[in-house]
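Here's the structure, in structure tokens; my notes come after.
Nothing in this text is a laboratory measurement; each read-out follows from the coordinates by a stated rule. Since the structure is predicted, the reported quantities are computational estimates derived from the model, not experimental observations. Note that we place each Cβ from the backbone using ideal geometry, even for glycine, and neighbour counts take in every protein chain shown.
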Amino acid sequence: MIFSAREHCEGKKFLSKTHKKEIEAAIAAITPPTGSGRSSKMRAEFLGSLKVSGWTDELTVSPNSGMTITSYKESVGLCLQTGNMARMYADLIKLQTLYLNGAISVAVIVLPSSTTAKILGSNIAAAERLERELVVFKKTYHVPTAIYSLEVSE
């Protein structure tokens, strides 16, 4: 799958070259969706590639909370969001909490572009919306964050 990368609070600057390569290779391993119902398969392909590079399974935000982010490696918190738009806001709060608690120093959010989100279903989180809203939340969400937008070739 192809992608574009953006950032919030200089997130790409704080992400090591090794981490960038691992994340980008995992994105490349995703088979582009051709219809709805592909989110689970995309997630499995992405996480399988990350695991080979030493990324963890879910990271718990707080003991006994049940709240998690998708993956973690060497102070990098990663969220893959291919679901409902409302879950994107939960990811932001979880990443901000981990950042303020010193558990992560940089975040990565991987999510579909608006075009890819439309293929996956309705009301799916989209990178363009996240980017617009992070401008509004700049004083609230100040985690250095790299944003990877999953794109389908036109």
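Cα-Cα over 26 Å: which of Lys51/Lys138; Lys13/Lys118; Lys17/Lys51; Lys21/Lys41; Lys73/Lys118?
Check vs 26 Å cut-off fails for Lys51/Lys138; Lys13/Lys118; Lys73/Lys118.
At 222 nm, what helix-only mean residue ellipticity would the chain give, in deg cm²/dmol to the nearest 500, using -39500 (n - 2.57) for each DSSP H run of four or more?
Roughly -12000 deg cm²/dmol at 222 nm, from the helical runs in the chain.
Taking θ as phi - 60°, what are the ³J(HN,Hα) couplings along the range 24-37 by the Karplus curve (6.51, -1.76, 1.60), each to the nearest whole Hz, with x for Gly and Pro?
5, 5, 5, 5, 4, 7, 7, 6, x, x, 10, x, 5, x
Gain in length, Ile119 to Lys41, computed as 0.36 nm per residue apart minus the alpha-carbon separation, to one decimal in nm?
Extra length from Ile119 to Lys41 when fully extended: 26.7 nm.
Relative to the compact globular guide of 2.2 N^0.38 Å, what is the alpha carbon radius of gyration of the chain, as a ratio?
Scaled against compact globular proteins, the figure is 0.95.
Provide the per-residue ³J(HN,Hα) series for the range 6-15, in order, calculated from phi with Karplus coefficients 6.51, -1.76, 1.60 and θ = phi - 60°, each as a whole number of Hz, with x at glycine and proline positions.
With the stated coefficients, the range 6-15 comes to 10, 8, 10, 6, 6, x, 5, 5, 8, 8 Hz.
Within a Cβ distance under 13 Å of Cys9, other residues only, what is the Lys/Arg minus Asp/Glu net charge?
+2
For every other residue with a beta carbon closer than 15 angstrom to the beta carbon of Ala103, add +1 if it is Lys or Arg and -1 if Asp or Glu, then tell me the sum.
Here the count lands on -1.
Classify the range 54-144 from the C-alpha gyration tensor, please: rounded if a/c falls under 1.5, else prolate or oblate depending on whether a/b exceeds b/c.
prolate
Apply the Karplus curve 6.51 cos²θ - 1.76 cosθ + 1.60, θ = phi - 60°, to the phi angles in the range 135-144 and return the couplings in whole Hz, x for Gly and Pro.
Whole-Hz 3J(HN,Hα) from phi for the range 135-144: 4, 5, 8, 3, 7, 8, 10, 10, 7, x.
Sort the range 112-154 into rounded, prolate or oblate with this rule: let a ≥ b ≥ c be the square roots of the eigenvalues of the Cα gyration tensor; rounded if a/c is under 1.5, and if a/c is not under 1.5, prolate when a/b is larger than b/c, oblate otherwise.
It is prolate, given that a/c is not under 1.5 and a/b is the larger ratio.
Counting alpha carbon pairs within less than 8 Å and at least 6 residues apart, what relative contact order, in whole percent, applies to the range 2-151?
Relative CO of the range 2-151 lands at 33 percent.
Please work out whether the range 36-98 counts as rounded, prolate or oblate from its C-alpha gyration tensor, where a ≥ b ≥ c are the square roots of the eigenvalues and a/c under 1.5 means rounded, while otherwise a/b larger than b/c means prolate and anything else oblate?
oblate
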